Amino acid sequence: MNRRHFLAGSLALAGHRNLLQSMGNLALAAQPETPLNAPHDLLATTYSQDFLQSHLAAPGAWQPYARWSDRPAWEAVPADIRAAAVARAEQDQKAGWQVLPAITFLDFKRNGNRSRFEALSFGRRAQIQRLILAECLEGKGRFLDDIVNGVWLVCEETYWGAPAHLGAQKAGVGLPDVSEPIIELFSAETAQMLAWTNYLLAPQLDQVSPLVNKRIRLEVEHKMLSVARNRDDFGWMGLGGKKSENRLNNWNPWINSNLLVTNLLLEIDPALRLQETMRIARSVDAYWNDYWPDAAEEEGPGYYSRSVLSLFDVIWTLESATGNATGIFANPFLDAMGRFILNVHIAGDDYVSYGDAHRRAAPSGDVLYRFGKAVHDPQLEAFGAFYAQKSGWNAQGAGLQHAINESMASLSRSLPAVLDAAEVRSAKKEDVLVRDAWYPQFGLMTAREKAGSTEGMYVAVLASNNGRSHSHNDTGNFVIYLDGQPVTIDAGVEQYTAKTFSRDRYSIWTMQSAYHNLPTVGGVMQKNGIQYGATERKYESDDRRAVVSFDIAKAYPRDAGIKKWIRTVELDRERDAVIVTEEFDLESAQPISLSVMTPGSVTARERSLLIKTAASGGRDCELAFDSAGLAAKIETIPLADAGLRESWGADIYRILLNTAGPMQSGRLSYTFAPAK
């Protein structure tokens, strides 16, 4: 048994954290060759009816956080957080409240725009939450009238969700049908916000008017709790006996985490409360049962905070409301899911991007800290504390101010972040830079020169399928960094519009394989669908190199005429280089074009290209290729989308390595290495 196999097998053993830590980052990062396998129906069996009947806190008895009246807990929050929160709430008082026009709501149906209404709606909710936290932190009653105004406005809204999600109602997109409430991401978020408002401030709101709390309960019952009790046909639930070929995505744990809090805090009927808790457990099991057996997050790092960490929110709430009596956090698969974020961390705030994500996808550090603490993973805990000090309520100075100004974090996350801030600030912090990771079922490899350093070449390769949630046609795509700066990239996604999730999704350039680091054969690109993916994956890693190979022939439609296309991507640690090799066999000779996407300006040399990296004074990267077999063409792609510009600047570049003429079979190779 070689070292790699030993390390991989060791990770599968629960309870050996100290042994693994003594072996360093490589040991912690290695993925098991044999699938871990997601637990089956773990929540429903752990939180059974008998267990809940004897352990679930009675209505009104669950008290996870300090209420407004518990002044010592709020006054123990670091002074800079209290001062910044109060100052921002004073600005909110002066700003007042914006209206949510029906005509703006109709933007999505009329022209596909979803951002204008969402900005108004999300802004209203963020403002309410800032006022609530400021009131709890200060405790003087100065913000109560403003909170009541905001809560009353939200209660008056016909629908608490996003216009883009109205396809779930029978009337379709347009205006919301008041007679058919639906549950989606932001309606559940809103219900959770109102539930915490009642929990934290009920006596204080009663002093303004006893009808405020009554209205909260009435609206949450009508728009949320009764809907959840009486319907099992929402696709995100995974209930109702309908099985899709696609896995459930972040909607399931995200919505259920908010429904669970709402149910536990506001449902006063013990039988209905228990029934809904059990339904939520079954629904989340449907998500968890079908998770990738190697614990990979198919939606990528950009969704980790609302997929994996929302699952943590669910389990933490169940444990808290049942007296922490089960020991469920010892499950090794849960820890493996959490550690995904370590294995896709490149440098700084950069993570391996794929699908509908942007370049920078830092996790919610406050939640990650709590996750690591719960599963007894010191490295995950330290990484969470590291990020908590950079962003969120535990940041300081400008970072804290930015978090308060821009925060859309739910109160379920803001409350522990604020109340535990002193603990998190004093905790051990570590910027984890894993050397190797391999997810054999999902098909994801990451590798760097050495653990704990951003120096040198870094490569990540995704050899999965094109039918993942939020996926692009990107099977076989690779991302390369040099000294922590991007060389080849996945551009990401433009701002969501009606087109993004329509039948025209793959007409958007960012979704197409020709705008990923992939071949185009005879003008034919990859196809979307779960059946279009990589096969015959092979992986090896040691101190000299990390290499993955796979066949991407089946990622293309039959029109491409590809019989075999073996792509091999190797990180040569001794040469400090990434080598990409294409071996192919086609049904007939076709012109071939190899796309290379880069944010750095490109300069032609005699037999290579020089790619400028973003680092001021840093090393540039040389792309070397056989100039006799390939000719380079460089295209500039201006970026109009604000999110893409934030990631990459005004332009990105597409390098096309074109064959000199049609080819039926052959071998092409090209290398990325620091320029000399």
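Here are some conditions: (1) modelled with pLDDT of 75 or more; (2) touching a Lys or Arg at 6+ places or on another chain (Cβ under 7 Å). Leu36 meets all but one. Which one does it not meet?
Only one criterion is unmet by Leu36, namely (2).
How about segment 472-490: which of its residues are of a type in the set (Gly, Ala, Ser) and crowded, with 24+ Cβ neighbours inside 10 Å?
Matches in segment 472-490: Gly476 only.
Filter segment 279-303 for residues that are part of a helix (DSSP H, G or I) and either in contact with a Phe, Trp or Tyr (Cβ under 7 Å, 6 or more places away or on another chain) or basic (Lys, Arg) (or both); which is nearest to Pro363 (Cα to Cα)?
Across segment 279-303, the extreme among qualifying residues is Pro301.
Does Thr568 qualify as being part of a strand (DSSP E or B) and under 30 Å from Ala675 (Cβ atoms)?
It is true that Thr568 is part of a strand (DSSP E or B) and under 30 Å from Ala675 (Cβ atoms).
So how many residues does segment 541-568 have that are in contact (Cβ under 8 Å) with a residue 40 or more places away in the chain, farther than 21 Å from Gln512 by Cα and surrounded by 15 or more Cβ atoms within 10 Å (Cβ to Cβ)?
Residues meeting the conditions: 3.
Which of the residues that make up segment 334-351 are surrounded by fewer than 19 Cβ atoms within 10 Å (Cβ to Cβ) and outside any loop (DSSP other than H, G, I, E, B)?
Ala347
Could you list all residues from segment 286-307 that are among the hydrophobic types (A, V, I, L, M, F, W, C) and touching a Pro at 6+ places or on another chain (Cβ under 8 Å)?
Trp288
Which one is surrounded by the fewest Cβ atoms within 10 Å (Cβ to Cβ), of the residues in segment 89-128 that are in contact (Cβ under 8 Å) with a residue 40 or more places away in the chain, in a helix (DSSP H, G or I) and small (Gly, Ala, Ser)?
This residue is Ala102.
State all residues of segment 129-145 that are over 34 Å from the mean Cα position of the chain (by Cα) and in a loop (DSSP other than H, G, I, E, B); if no residue qualifies, say none.
Within segment 129-145, Gly139, Lys140, Gly141, Arg142 qualify.
Can you name every residue in segment 494-515 that is in contact with a His (Cβ under 7 Å, 6 or more places away or on another chain) and assigned to a loop (DSSP other than H, G, I, E, B)?
none
Can you tell me which residue in segment 64-91 is nearest to the chain's Cα centre (by Cα), limited to those that are acidic (Asp, Glu) and over 24 Å from Thr262 (Cβ atoms)?
Step by step, filter segment 64-91, then rank; the result is Asp80.
Are any of the residues in segment 557-564 over 30 Å from Ala650 (Cα atoms), part of a strand (DSSP E or B), at pLDDT 95 or above and of a type in the set (Val, Ile, Thr)?
yes
Restricted to segment 397-413, and to residues that are of a type in the set (S, T, N, Q) and over 26 Å from Pro64 (Cβ atoms), which residue is surrounded by the fewest Cβ atoms within 10 Å (Cβ to Cβ)?
Asn405
Of everything in segment 521-535 that's surrounded by 20 or more Cβ atoms within 10 Å (Cβ to Cβ) and small (Gly, Ala, Ser), which residue is farthest from Arg468 (Cα to Cα)?
The selected residue is Ala534.
Within segment 377-396, which residues are closer than 15 Å to Ala87 by Cβ and surrounded by fewer than 19 Cβ atoms within 10 Å (Cβ to Cβ)?
Across segment 377-396, the qualifying residue is only Gln396.
The values are calculated or read from the model by the stated rules, or taken from the named source; none is laboratory data. Predicted model, so just to flag it, every value in this text is computed and none were measured. Every residue, glycine as well, gets a Cβ built from its backbone with ideal geometry; the counts of neighbours run over all protein chains shown.
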